[in-house]
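Okay, structure first, notes after.
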Amino acid sequence: MKAVRDAVPIDAVVAEYLQLRPAGGGNLKGLCPFHDEKSPSFQVSPSKGLFYCFGCQEGGDTIDFVMKLDHLSFSETIERLAAKAGITLRYDEGGYLPGRQQGERTRLVEAHKAAALFYTEQLDGAEAEIARKFLAGRGFDQAAAEHFGVGYAPAGWDHLVRYLRGKGFTDKELLLCGLASEGRRGPIDRFRGRLMWPIRDITGEVIGFGARKLRDDDNGPKYLNTPETPLYKKSQVLYGIDLAKKDIGKLGRAVVVEGYTDVMACHLAGVTTAIATCGTAFGEEHIKILRRVLMDNSGSQVVFTFDGDAAGQRAALRAFEDDQKFAARTSIAVSPGGMDPCELRLAEGDAAVRNLIDTAQPLFGFAIRSTVAGHNLDTAEGRAAALEQAAPIVAGIKDTAIQHEYAVQLAAMLGILDEQFVVRRVAQLARWQRDRARGGDPGRPASAARAPRPAAAPPRPTGPRLDLRSPAHRVERELLKLALQHPHLVAPAFDAYGEDEFTGAPYAAVRRAIAEAGGVTTADDGYLARVRDAAPDDSVRALVTELAVEPPHTRRAADAIYAGEHLVAVRLHAVDRRITEVRATLARLGPNAAPDQAAAVQNELWALQQYGKRLRDQGAAAL
C-alpha cells in the first residue's frame, strides 16, 4: 500500500479532478470537490502527501482522496493507483491480478476500455463504410477519428458480447456496465450498427458510450447513450472534459456545445476548451465540475453555443440561476443562421468557429435584448409591454451594480428618456422578488412582509469545541503544526511535553497520537502516516491531517527561532496555570496548615516562579 501511495504524487492525482494553484508554503489550493464553495479552501501538501479542506473538513492521503471522490472500495483504489504507477499487484493467494479478484468498478472500467478498442478497430472494416462517410461528410478525417477514439459498432446481435467474453468478462458484468442488454437467449450488444464515441471521465477513463444512428432501418433514437450504471451518471458527465480540462484551467474559459460532433469541430478549429453534456440538460452537477476546473477566478468565462431561441436562453439562464456570481461571467454565442459549430466549420472554416466563440455576448444582455426584440418599440404600448417582460430579468440579477447597469441599458433599448423611471421599476421588482423568496407578501413593504422566523440551529460541531481566540489554543495549534510539519525544529524538547500542557482536548489527543507514533525524534518518511494511524478515531485523524496541511502563521519561513517561541509559549501557559493552581491550594490551606505541608507547597510555587522567569528571560534555552 505504501509503495502505491508513494509512487503516485497526490498533487498529480488531485489535478486530474480540479485546478490547483500555489497557496504558499509549498502547498496548493483549489475548489473543494467534496462540497460546493465559491472560494478555494481545499489545500494539498505534496511534500506530506496529504489533502485537507478547511471548509468541510474532509482530509487524508492519496488513497483517501480517490476512495472518497470516486466512491471506490479500498482494493479498487489501490488497483487504480497501481495501474497509474505501472505497479503490478500480487494477491496473498498468489497470481498476478486474477480478473475475478479485481474490484467491481475496476472490472467495469476494463470492460469499457476493451470495448473502446474493439469499436475503433471495427471502424476500418468494410461494414463501417457508412460510418466513415458520415464522418467525412462532417469534415472529420481518420486522424480526427483516432484523436477522439471514434469507432463503429457492428450490426450483428452479439459481436461485442462474444469479444468481451473472450477477454474473460462475465455476462453479469456486461449487463451491469450497460454494454449489453438482456435478449431472449441471453445478453446482446446494446449498440449495433452505430457510430460510437467513447465518453470519458475527467481522469480519462472510458465510462460509457454515445452512439449515433446511421441507417434508415434503425428504429432506435438518433442518439443512444449508455444507461445509468455504477460508472456512468449522465448528470455528472461532460463529454470532452478529459481533453479540455488543461486548457480550460489555463485559459479560464469553457465552451459548452450541444453534441459530440460540435466538440470535435471546436477542438479541430482551435477551440480546445469545448465540452458537451451527454443526453441531458446542463445542470448543477455540471456547474460543479466546471467550477473546480475554472477555480472561479475573476476572469473565468463560460460560453454557451445553445440555440439562440427562447428555449436556448432559458436553458442557459436556468443553468446558473442559483449562482449568479458565475452567471455574471457567462456568455452565449449564436452563429448566423442558427448553425451549430460543426455546420459552421463546414460552411465557413475553422476561423469562423473561433470568431463565433470570441464574439460571444454576455448572457444577461443577450436575454434582455432578445426579449425586447419581440415587441414593437414604435408604440407606447409596445415599449410598456417590453419593459414589463424584460424588467423582471434585470431585477433577477443579484449583483446590484450589474443590475443597475442593465437597467440603464434597458431604458436606452426601449427609447425611454427617463432612465430613472426604469431603474426604479427594476428596483421595485427586485424587492418584491426578494420578499417572495423569503415567504412574504410582495404587495407589502419588506419590513411588514413576514413575521420573524426563528434562527436556524447552528451546525452541530464534529468534535470538542476549540476557542481559537484563546492565546493558549492558538499557540498550542501552532506548536502541533510544527511538530507534524517540521518535527526536526521542535525535537527533542517537544517529546518531553505532556498531554496536560495542551488545554484543548482535541489538541491533547493529537499530542497523544504523536507520542504513540514514536514522537518527533523518530520522524522519517513514514512519520505522518504513523501519527494518522495512531489517532483513536476519524475526528482526531481529520485534525491531524488539517494541522499537517495548514501553513504556519508566520510571514517568515518556519525556523528554529519560530519553533522555540512556540515551545516556550506553550510551556509558559502551562507553568502559569500551575502557579494559579498552587496559589489556590495555599489559600485553601490557610494559616493553620501543617508546617511541612505548607512548606512543600511554598517550595513548589517558588520553583515554578523561578522557572517561569527563566523562560521569559532566556527563551528556548531554558527548556
Within region 592-611, can you find the residues that are touching a helix residue (DSSP H, G or I) at 6+ places or on another chain (Cβ under 9 Å), over 22 Å from A621 (Cα atoms) and not β-branched (V, I, T)?
A593, Q597, A598, Q602
Looking at (1) farther than 24 Å from Q618 by Cβ; (2) in a helix (DSSP H, G or I), find the lone condition where I579 falls short.
(1)
Lone unmet requirement of (1) surrounded by 20 or more Cβ atoms within 10 Å (Cβ to Cβ); (2) free of Cβ contacts under 8 Å to residues at least 12 places away in the same chain for R200:
(2)
Can you find, within region 34-52, the residue that is surrounded by the most Cβ atoms within 10 Å (Cβ to Cβ) among those that are farther than 23 Å from A7 by Cα and of a type outside the set (S, T, N, Q)?
P40
Using the structure shown, decide if T554 is of a type outside the set (A, V, I, L, M), without any contact (Cβ under 8 Å) to a residue 60 or more places away in the chain and not in a helix (DSSP H, G or I).
yes
Identify the single condition in (1) in contact (Cβ under 8 Å) with a residue 40 or more places away in the chain; (2) in a strand (DSSP E or B); (3) closer than 17 Å to C177 by Cα; (4) not small (G, A, S) that T229 does not satisfy, given that it satisfies every other one.
(2)
Considering only region 174-183, how many residues are in contact (Cβ under 8 Å) with a residue 24 or more places away in the chain, assigned to a helix (DSSP H, G or I) and surrounded by fewer than 19 Cβ atoms within 10 Å (Cβ to Cβ)?
1
Being within 30 Å of S45 (Cβ to Cβ) and of a type in the set (S, T, Y) narrows it down to one of Y562, Y611, so name that one.
Y562
The lone exception for D171 - which of (1) touching a strand residue (DSSP E or B) at 6+ places or on another chain (Cβ under 6 Å); (2) crowded, with 22+ Cβ neighbours inside 10 Å; (3) over 23 Å from D124 (Cβ atoms) it fails:
(2)
Counted residues in region 611-623 being free of Cβ contacts under 8 Å to residues at least 24 places away in the same chain and either under 49 Å from the mean Cα position of the chain (by Cα) or surrounded by 12 or more Cβ atoms within 10 Å (Cβ to Cβ) (or both) come to 4
Does region 367-386 contain at least one residue that is acidic (D, E) and under 21 Å from I332 (Cα atoms)?
no
Looking for whichever is crowded, with 24+ Cβ neighbours inside 10 Å and over 27 Å from A128 (Cβ atoms) here; the options are A265, A211, A254, A276. Which one fits?
A254
State all residues of region 451-469 that are more than 17 Å from A535 (Cα to Cα) and either at pLDDT 95 or above or surrounded by 14 or more Cβ atoms within 10 Å (Cβ to Cβ) (or both); if no residue qualifies, say none.
L466
State yes or no: is G151 surrounded by fewer than 20 Cβ atoms within 10 Å (Cβ to Cβ) and either over 35 Å from the mean Cα position of the chain (by Cα) or not charged (D, E, K, R) (or both)?
no
Consider T554 carefully, then state whether it is of a type in the set (S, T, Y), at pLDDT below 90 and outside the structural domain of E58 (by TED's automatic domain parsing).
yes
Within region 409-435, can you find the residues that are acidic (D, E) and in a helix (DSSP H, G or I)?
E419, D435
Return yes or no: is R583 of a type in the set (D, E, K, R), closer than 26 Å to Y507 by Cα and not assigned by TED's automatic domain parsing to the domain that holds F54?
no
Name the single residue, out of those in region 221-233 being surrounded by 13 or more Cβ atoms within 10 Å (Cβ to Cβ) and not polar (S, T, N, Q), that is nearest to Y260 (Cα to Cα).
Y223
Quick test of your reading of the structure: G186 fulfils all but one of (1) in contact with an Asp or Glu (Cβ under 8 Å, 6 or more places away or on another chain); (2) more than 25 Å from K84 (Cα to Cα); (3) surrounded by 21 or more Cβ atoms within 10 Å (Cβ to Cβ). Name the failing condition by number.
(3)
So how many residues does region 9-24 have that are surrounded by 20 or more Cβ atoms within 10 Å (Cβ to Cβ) and in a loop (DSSP other than H, G, I, E, B)?
4
Residue by residue through region 527-544, note down the ones that are closer than 19 Å to F494 by Cα and not hydrophobic (A, V, I, L, M, F, W, C).
Y527, R530, R532
Out of P536, P506, which single residue is touching a helix residue (DSSP H, G or I) at 6+ places or on another chain (Cβ under 7 Å) and surrounded by fewer than 16 Cβ atoms within 10 Å (Cβ to Cβ)?
P536
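The values are calculated or read from the model by the stated rules, or taken from the named source; none is laboratory data. All values derive from a computational prediction rather than experimental measurement. Cβ atoms come from the backbone with ideal geometry, glycine included; neighbour counts cover every protein chain shown.
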